[in-house]
Amino acid sequence: METNTTAVDKKLSAAGVFGNVPCDLSKIDGRLHFIGIGGIGMSALARLLLGRGIAVSGSDKQANAITDELATLGAKIYIGHEASNVGGASGIVVSTAITGDNPELNWAKANKLPIWHRSQILTALTKGKKLIAISGTHGKTTTTGMISNLLIDGDLDPSIVLGGILPLLQSNCRAGKSDYFIAEADESDGTHANLPAGISVVTNIEADHLENYPDGFKQILATMKVFANLANTVILCLDDVGCQSIIPELKNRVIGYGLKGKTAKTKNVKTIYEFEDTSSSSITAMKVYKDNALLGTINLAVPGIHNQYNALATAIVGLELGLDFQTVAKSLSTFAGVERRFQIIGEAKDILIVDDYAHHPTEVVATLQAARQFVAQGKFAARRIVAVFQPHQPGRLKDFWKEFCQSFKNCDLLLVTDVYIARGGAIAGIDSKRFCAEVNHTNCHHIAGPTAQLACQIKDFLQAHDLVITIAAGVRITDWLCLESVFFVSFDLGFDFCLVATRQS
């Protein structure tokens, strides 16, 4: 099969970071060094390599729970990036987040060490496996988690890589004994377009991560089409405009799914699964149909119509692999989510704290709608939904300014922190103070200052029976809230109160 070069591949190759030479794990002689090993995506690969007996080292800007755990598993961990960390390594692994001025990367280039993007390591790990790859702008981590739970419950013993911590595993990866391999295929950096799969899932396609796609949405569609055409069977959402647009160019078997009565019909899709929302005041539920034939009902433990879509995609994967509908329904009924995806952290002083990773307007809307449903079903007797929003990256806030300004209608109180800057710098005029002045919300407040002071700053805004949901993809705000013993925070439950905070530490 030909190597497909994505837009991100081209950018990195032009910078001399890595070529298109595939990684053959059987020929690795010595240790692999990960630059940025503490990230959720990089660490999963490092764990699996350690499990295969390959020596691993890595560096990161600061220690965290992930780096500490990797050290206990046998990885050599360096805090801080120094050229001396690379000595003795037989190859380097990087992500798109690693910039050209990194001293370890430059030393590796100067000394002609092999340099692989994380997507090439994932491709090597999945070689010869029955790969199920999940991609999309939103929902891919939760869908990957659902599929992972299902294959474990179905005794298929899969290997797993996902971009979050799955409670069942207490990890972001698993080394199974079967040939099945489930992988979250990240579209942000082109990882997805390097993974030939037996089954691929595309949850949706929207504009995001535009720093890696200079030609915008057209370029994103092109790489997602590459991902879909690498699979023998692709499962995609027919209710999503982006997915609809690539269907005419798909070469292999296509299975569509969507909401009954809404699903777009197309001659290129022969098999269609649909769901009918049968949720009540006490439970999220849906009837599932295949080509208009009723298969049965699935009850869910996670709220929101977006999770019904995720569950339907999961059900299709299970049925395609030969699992019976009863096994599928039972597994999905027990799935409680992935860490930082509508994660209930706890309750204190009659305030429920939920943590969510939403960082795109579409995700914010879905999360708050889910919170409303959660409250309506009596899961927590909230009077208000309070959202604490930490904008992630000035570039993303600028790109989706108008959309973010319209995303918080489902919360009662909105608190906005300072913008979290993971890389790059601030953008003049793109800040939380201005956002609070322009957002479509009548009860919004800017909470400026270091994250460590956040709990003390917001406690006077809160009332008993508030549902507080932190919405952030940067620093985990709930960690600071819990440390201050003010209240516990969890994502994806929704909120009547929205907080937007600015991070300065």
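The values are calculated or read from the model by the stated rules, or taken from the named source; none is laboratory data. As the structure is a computational prediction, the values presented were derived from the model and not from experiment. Cβ atoms come from the backbone with ideal geometry, glycine included; neighbour counts cover every protein chain shown. Just the protein is used for accessible areas: all its heavy atoms, side chains included, with ligands, DNA and RNA removed. Shrake-Rupley method; radii C 1.70, N 1.55, O 1.52, S 1.80 Å.
The set of residues in the stretch 315-337 being farther than 25 Å from residue 281 by Cβ, touching a Phe, Trp or Tyr at 6+ places or on another chain (Cβ under 9 Å) and open to solvent by less than 10 Å² (accessible area, probe 1.4 Å) consists of 316, 318.
Against the conditions (1) under 19 Å from residue 120 (Cβ atoms); (2) of a type in the set (Gly, Ala, Ser); (3) without any contact (Cβ under 8 Å) to a residue 40 or more places away in the chain, residue 89 satisfies every one except (3). Apart from one condition, residue 451 fits all of (1) at pLDDT below 85; (2) closer than 23 Å to residue 366 by Cα; the exception is (2).
Condition check ((1) part of a helix (DSSP H, G or I); (2) among the charged types (D, E, K, R); (3) at pLDDT 85 or above; (4) surrounded by fewer than 17 Cβ atoms within 10 Å (Cβ to Cβ)) across all residues:
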site	(1), (2), (3), (4)
380	no, no, no, no
385	no, no, yes, no
396	yes, yes, no, no
403	yes, yes, yes, yes
411	no, no, yes, no
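All conditions in (1) out of contact with any Phe, Trp or Tyr (no Cβ under 9 Å at 6 or more places or on another chain); (2) open to solvent by 10 Å² or more (accessible area, probe 1.4 Å) hold for residue 120, with the sole exception of (1).
Results for (1) at pLDDT 85 or above; (2) crowded, with 18+ Cβ neighbours inside 10 Å; (3) not polar (S, T, N, Q), shown as yes or no for each residue.
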residue: 217; (1), (2), (3): no, no, yes
residue: 234; (1), (2), (3): yes, yes, yes
residue: 237; (1), (2), (3): yes, yes, yes
residue: 240; (1), (2), (3): yes, yes, yes
residue: 248; (1), (2), (3): yes, no, yes
residue: 252; (1), (2), (3): yes, no, no
residue: 274; (1), (2), (3): yes, yes, yes
residue: 280; (1), (2), (3): no, no, no
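Among the residues of the stretch 27-38, those that are open to solvent by less than 30 Å² (accessible area, probe 1.4 Å) and assigned to a loop (DSSP other than H, G, I, E, B) comprise 36, 37, 38.
Cβ-Cβ under 6 Å, sequence separation 6+ or interchain: first residue in the stretch 47-68 and under 15 Å from residue 89 (Cβ atoms), partner modelled with pLDDT under 90. Which pairs? Taking only residues 6 or more apart or on different chains, the pairs are 54/28.
Looking at the stretch 201-215, which of its residues are assigned to a helix (DSSP H, G or I) and either buried (at least 19 other Cβ atoms within 10 Å of the Cβ) or out of contact with any Gly (no Cβ under 6 Å at 6 or more places or on another chain) (or both)?
Going through the stretch 201-215, the residues assigned to a helix (DSSP H, G or I) turn out to be 210-212.
Hits for the stretch 201-215 are 210, 212.
Within the stretch 342-370, being surrounded by fewer than 24 Cβ atoms within 10 Å (Cβ to Cβ) and either in a loop (DSSP other than H, G, I, E, B) or on the phi > 0 side of the Ramachandran plot (or both) holds for 346, 349, 350, 359, 360.
Conditions tested, residue by residue: (1) open to solvent by less than 50 Å² (accessible area, probe 1.4 Å); (2) basic (Lys, Arg); (3) closer than 19 Å to residue 172 by Cα.
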{"site": "47", "(1), (2), (3)": "yes, yes, yes"}
{"site": "54", "(1), (2), (3)": "yes, no, yes"}
{"site": "57", "(1), (2), (3)": "yes, no, yes"}
{"site": "62", "(1), (2), (3)": "no, no, no"}
{"site": "74", "(1), (2), (3)": "no, no, yes"}
{"site": "82", "(1), (2), (3)": "no, no, no"}
{"site": "91", "(1), (2), (3)": "yes, no, no"}
{"site": "94", "(1), (2), (3)": "yes, no, yes"}
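Looking for whichever is touching a helix residue (DSSP H, G or I) at 6+ places or on another chain (Cβ under 8 Å), under 30 Å from residue 224 (Cβ atoms) and free of Cβ contacts under 8 Å to residues at least 60 places away in the same chain here; the options are 134, 160, 98. Which one fits?
Numbers: 134 fails: free of Cβ contacts under 8 Å to residues at least 60 places away in the same chain; 98 fails: free of Cβ contacts under 8 Å to residues at least 60 places away in the same chain.
Among 134, 160, 98, only 160 is touching a helix residue (DSSP H, G or I) at 6+ places or on another chain (Cβ under 8 Å), under 30 Å from residue 224 (Cβ atoms) and free of Cβ contacts under 8 Å to residues at least 60 places away in the same chain.
Tell me, which residue of the stretch 464-490 that is farther than 24 Å from residue 303 by Cα and open to solvent by 70 Å² or more (accessible area, probe 1.4 Å) is modelled with the highest pLDDT? Taking the candidates together, the pick is 480. Scan the stretch 297-311 and tell me whether some residue there is open to solvent by 60 Å² or more (accessible area, probe 1.4 Å) and part of a loop (DSSP other than H, G, I, E, B). No, there is no match, as no residue in the stretch 297-311 is open to solvent by 60 Å² or more (accessible area, probe 1.4 Å) and part of a loop (DSSP other than H, G, I, E, B).
Scan the stretch 390-438 for residues that are touching a Cys at 6+ places or on another chain (Cβ under 8 Å) and either among the polar types (S, T, N, Q) or without any contact (Cβ under 8 Å) to a residue 40 or more places away in the chain (or both) and the total you get is 1.
Of the residues 158, 114, the single one that is on the phi < 0 side of the Ramachandran plot and at pLDDT 95 or above is 158.
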